[in-house]
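Working notes, beginning with the structure itself.
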Amino acid sequence: MRPLVEWLQANVAALKGVPPDVLYLLLLLVGALIVINFVAISAMFFIWLERKVSAHIQNRYGPMLVGGWHGWAQSIADGIKLLQKEDIIPAGADRTLFRMAPFIVFVGSFAAFAALPFGAGLIVSDLNIGLFYILAVTSLVVVGILMAGWASNNKWALLGAMRAAAQIVSYEIPVGLTLLTVVIMAGSLSLVEISRLQEGIHPLFRVAAGGYVIGLPNWFVLQSPFTFVAFFLYFTASLAEVNRTPFDIPEAESELVAGYHTEYSGMRFSFFFLAEYADMFLVSAVAVMLFLGGWQGFAGPQFLLGTAAFILKAYLLVFVQMWVRWTLPRLRVDQLMDVCWKVLLPLAFVNLLGTGAWMLA
Amino acid sequence: MQIPAEAIVFYALTAITVLSGLVVVTSRKLVHSAFALVFAFSGLAGYYVLLSADFLAAAQVLIYVGGILILILFAVMLTHRIESLDIRSETLQLLPAIAGCGAIVVLMLLAVYRTPWAVKEPQVLTQTAQSIGSLFMTDYLLPFEVASVHLLIALVGAVIIAGKRGGQ
Amino acid sequence: MVTEFAGVLVFIIVGILFLAISLLLARLFRPHHPTPAKLSTYECGEQPVGQAWIRFNNRFYLIALVFIIFDVEIMFLYPWGAAFRELVAKNLGLYAFIDMVVFIGILLVGLAYVWRKGDLAWIKPQQRF
């Protein structure tokens, strides 16, 4: 953002007199507004997509009427409906915490987007510790979920919240360890730097013919066998992080109604929903940044095509998450913990040591 | 026009930290005290950022908000008397407590004002994580490995204590 | 670089304002007719029985404890991981790698202990030893 301030002051006459700090703050605000709109629109698109994907997997059509073409406006209609719904706070609830919980859940997932590069140079806060920051700030979501479950004074909500908290914190360990394999390869925690290191064509898997070099991209997922395994471990663990099937015990509708947001209605409910779909995009975006080349992908001007490549890849991973959700059955709670502590964690450790050895070799 | 942005942020953080700290201490509902810790911990992380310790700030949020706080919340929800909606923390021995706290405040203020603090110009934030990592591998290798042993002891201790409490 | 964190602050404030404004906006459109039945706690249509604030399985507590240990470990490993490439370039790679194997190894002993005791399982098997 700083270079943009300098560029604007050098090239736009009207902005020369404005103090750079004020301009910087305004740019940050504009960036935040763009990102929040992107997140909201993406979430609405994902909700529509989820309904279409689930429908087609189950041999149905899904929404077809609203807006004409394949019910594309269904999410907008749902949003307007939610806006008109009565805001019910149960009499037995803890009102303060009940109101506060959606804020913490949403801010926890939205603040992470500040450090996410959407393309070459398109980042609001280029932190040196970007990846570690994202890991840290998303842990606020767990606190918000527990708050929601507790404040509702509802058995399903509290049980769902407890399960969600136990599951999310457990799976945070494999997530952290698998991301670490890429950090070791890259020697940096900055997402911009990590993405830059995946430029070009793979040094091994390539053919040179007639002046052209064709080959696989130099993405981290292909740079060593250990990062290849790490990508799949991360993707599995991240499904649990965002409470998606097969790890959706926290909101298993057949036993827990709706999990921690059972008592929420109207707009407050929609915030939880928004945060959930924002999180889905976030874990996919992190996977793309670290393993799948970030904004590398299309030849040409990186400013626009890079952003398109990044968003396309992240959307594709979100689609895979939906595909998995509507294909696999749900794990039992004891199996859930076993998968984390007895399968993913040892594998992640072995993988980590392997990456260290690979770097030495 | 120079905005004293850092000062504004500092006082805002102080307000958040102190007020949430007060809620932690004075709230009669145990759960409210626990949840107020979110803001106290996050405020502290903000201080670390102002001190150019970005890695430490993120670690503070990761460990305290994402770990310790969850543990505290689980512990609160595991207490026996939780069935009564309003478990109250009671105030005992108010006067000795005030006297003790007052003495500590005086002592700390003395320490703060008497110490010749080494004042340093704010530094450009460099690769703090890498520097910490390099230091772990060179100057602070022993503490680093001892930390691992410490964690092992904590893990074993936790399992034993939790096993006993489970009454199996 | 400290100012890069200004973006984080702006995101937090914008996030809070976004929710607050949408809630205020919704107030203009939404009805407000509370009735005792509407405000009662949902329990699948039955009258709610007792409080929800019940005492929980201490399995949750144990998971959180084990989690914190590994969380702290991850916090220690990240600086190491970020510095490793540099250390390899400086020919300190093997040294740093062995340090890390020792560090992780000690904790894996702990994991093996907890595993053997059966405390990783959600339903703890009967005591065998």
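The values are calculated or read from the model by the stated rules, or taken from the named source; none is laboratory data. Everything quoted here is computed from the prediction, not taken from an experiment. Reconstructed Cβ throughout: ideal geometry from the backbone, glycine too, with neighbour counts over all protein chains shown.
Go through segment B:23-43 residue by residue and tally those that are at pLDDT 90 or above and surrounded by fewer than 18 Cβ atoms within 10 Å (Cβ to Cβ).
Count: 0.
Here are A:Ala40, A:Ala91: which of them is assigned to a loop (DSSP other than H, G, I, E, B) and at the interface with chain C (Cβ under 10 Å from one of its Cβ atoms)?
Working: A:Ala40 fails: assigned to a loop (DSSP other than H, G, I, E, B).
So the residue among A:Ala40, A:Ala91 that is assigned to a loop (DSSP other than H, G, I, E, B) and at the interface with chain C (Cβ under 10 Å from one of its Cβ atoms) is A:Ala91.
Quick grid of which residues meet (1) surrounded by 15 or more Cβ atoms within 10 Å (Cβ to Cβ); (2) at pLDDT below 85; (3) more than 7 Å from chain A (Cβ to nearest Cβ):
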position: C:Gln47; (1), (2), (3): no, yes, yes
position: C:Ala52; (1), (2), (3): yes, yes, no
position: C:Ile68; (1), (2), (3): yes, no, yes
position: C:Ile74; (1), (2), (3): yes, no, no
position: C:Pro79; (1), (2), (3): yes, no, yes
position: C:Arg85; (1), (2), (3): yes, yes, no
position: C:Lys90; (1), (2), (3): no, yes, yes
position: C:Ile104; (1), (2), (3): yes, no, no
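Return yes when A:Gly259 is touching a strand residue (DSSP E or B) at 6+ places or on another chain (Cβ under 8 Å) and modelled with pLDDT under 90 and no when it is not. Show your work before the answer.
Details: touching a strand residue (DSSP E or B) at 6+ places or on another chain (Cβ under 8 Å): no; modelled with pLDDT under 90: yes.
When the stated conditions are applied, A:Gly259 does not pass them.
I'd like the full set of residues that are more than 10 Å from chain C (Cβ to nearest Cβ) and surrounded by 14 or more Cβ atoms within 10 Å (Cβ to Cβ), limited to segment A:329-342. Working first, answer last.
Kept after step one, since they are more than 10 Å from chain C (Cβ to nearest Cβ), are these residues of segment A:329-342: A:329-331, A:339.
A:Arg330, A:Leu331, A:Val339 - these are the residues of segment A:329-342 that are more than 10 Å from chain C (Cβ to nearest Cβ) and surrounded by 14 or more Cβ atoms within 10 Å (Cβ to Cβ).
With C:Leu28, C:Leu23, C:Leu62 as the choices, which residue is within 20 Å of A:Phe106 (Cα to Cα), at pLDDT 75 or above and of a type in the set (A, V, I, L, M)? Lay out the reasoning, then the answer.
Details: C:Leu28 fails: within 20 Å of A:Phe106 (Cα to Cα); C:Leu62 fails: within 20 Å of A:Phe106 (Cα to Cα).
Being within 20 Å of A:Phe106 (Cα to Cα), at pLDDT 75 or above and of a type in the set (A, V, I, L, M) holds for just one of C:Leu28, C:Leu23, C:Leu62, which is C:Leu23.
State which residue is farthest from the chain's Cα centre (by Cα) when the search covers only segment A:327-361 and only residues that are farther than 15 Å from A:Thr236 by Cα and part of a loop (DSSP other than H, G, I, E, B).
Selected residue: A:Ala361.
Looking only at segment A:152-167, how many residues end up being of a type outside the set (Lys, Arg), more than 9 Å from chain B (Cβ to nearest Cβ) and either in contact with a Lys or Arg (Cβ under 6 Å, 6 or more places away or on another chain) or assigned to a helix (DSSP H, G or I) (or both)? Walk me through it before giving the result.
First pass over segment A:152-167, keeping only residues of a type outside the set (Lys, Arg): A:152-154, A:156-162, A:164-167.
When the remaining residues are screened for being more than 9 Å from chain B (Cβ to nearest Cβ), the result is A:152, A:154, A:156-157, A:159-161, A:164, A:167.
So of that shortlist, the ones also either in contact with a Lys or Arg (Cβ under 6 Å, 6 or more places away or on another chain) or assigned to a helix (DSSP H, G or I) (or both) come out as A:152, A:156-157, A:159-161, A:164, A:167.
The qualifying residues number 8.
Assess whether A:Val182 counts as being touching a helix residue (DSSP H, G or I) at 6+ places or on another chain (Cβ under 8 Å) and more than 10 Å from chain B (Cβ to nearest Cβ). Outline the logic, then answer.
Numbers: touching a helix residue (DSSP H, G or I) at 6+ places or on another chain (Cβ under 8 Å): yes; more than 10 Å from chain B (Cβ to nearest Cβ): yes.
So A:Val182 fits the description; yes.
Sort through A:Ile47, A:Ile34 and tell me the only one that's buried (at least 17 other Cβ atoms within 10 Å of the Cβ), within 18 Å of the chain's Cα centre (by Cα) and either within 14 Å of chain C (Cβ to nearest Cβ) or assigned to a helix (DSSP H, G or I) (or both).
Working: A:Ile34 fails: buried (at least 17 other Cβ atoms within 10 Å of the Cβ).
It is A:Ile47.
Would you check which residues across segment A:108-127 are crowded, with 24+ Cβ neighbours inside 10 Å and more than 13 Å from the chain's Cα centre (by Cα) and list them?
Matches in segment A:108-127: A:Val124, A:Ser125, A:Leu127.
What number of residues within segment B:114-156 are assigned to a loop (DSSP other than H, G, I, E, B), modelled with pLDDT under 80 and of a type outside the set (A, V, I, L, M)? If you could, list the steps in order and put the result at the bottom.
Looking only at segment B:114-156, we keep the residues that are assigned to a loop (DSSP other than H, G, I, E, B), and these are B:115-127, B:138-140.
Applying the additional criterion that residues be modelled with pLDDT under 80 yields B:117-127, B:138.
Now restrict to residues that are of a type outside the set (A, V, I, L, M): B:117, B:120-123, B:126-127, B:138.
Counting residues in segment B:114-156 that are assigned to a loop (DSSP other than H, G, I, E, B), modelled with pLDDT under 80 and of a type outside the set (A, V, I, L, M) gives 8.
Being aromatic (Phe, Trp, Tyr), within 19 Å of A:Leu159 (Cα to Cα) and either modelled with pLDDT under 90 or assigned by TED's automatic domain parsing to the domain that holds A:Ser238 (or both): is that true of A:Phe98 here? If you could, list the steps in order and put the result at the bottom.
Details: aromatic (Phe, Trp, Tyr): yes; within 19 Å of A:Leu159 (Cα to Cα): yes; either modelled with pLDDT under 90 or assigned by TED's automatic domain parsing to the domain that holds A:Ser238 (or both): yes.
It is true that A:Phe98 is aromatic (Phe, Trp, Tyr), within 19 Å of A:Leu159 (Cα to Cα) and either modelled with pLDDT under 90 or assigned by TED's automatic domain parsing to the domain that holds A:Ser238 (or both).
Only one residue in A:Phe103, A:Phe118 is under 23 Å from C:Ala6 (Cβ atoms), hydrophobic (A, V, I, L, M, F, W, C) and at pLDDT 90 or above. Which one?
When all the criteria are applied, what remains is A:Phe103.
Can you work out which of the residues in segment A:232-256 that are modelled with pLDDT under 80 and among the β-branched types (Val, Ile, Thr) is farthest from A:Tyr315 (Cα to Cα)? Before the answer, list the steps.
If we filter segment A:232-256 for residues that are modelled with pLDDT under 80, which is where we start, we get A:243-256.
So of that shortlist, the ones also among the β-branched types (Val, Ile, Thr) come out as A:245, A:249.
Details: A:Thr245: 18, A:Ile249: 24 Å.
That would be A:Ile249.
Among the numbered conditions (1) in contact (Cβ under 8 Å) with a residue 24 or more places away in the chain; (2) within 13 Å of chain B (Cβ to nearest Cβ), tell me where A:Ala136 comes up short.
In the conditions (1) in contact (Cβ under 8 Å) with a residue 24 or more places away in the chain; (2) within 13 Å of chain B (Cβ to nearest Cβ), A:Ala136 misses (1) alone.
Here are A:Val324, A:Val283, A:Val343: which of them is more than 30 Å from C:Gly110 (Cα to Cα) and modelled with pLDDT of 85 or more? Please lay out each step first, then the result.
Values: A:Val283 fails: more than 30 Å from C:Gly110 (Cα to Cα); A:Val343 fails: more than 30 Å from C:Gly110 (Cα to Cα).
Only one candidate qualifies: A:Val324.
Can you report the number of residues in segment A:50-66 which are buried (at least 18 other Cβ atoms within 10 Å of the Cβ) and part of a helix (DSSP H, G or I)?
4
Name the pairs whose Cβ atoms lie under 6 Å apart, with the first residue in segment C:110-127 and facing another protein chain (nearest Cβ under 7 Å), the second at pLDDT below 70, and 6 or more positions between them or separate chains?
Within 6 Å, the pairs are C:Val114/C:Leu120.
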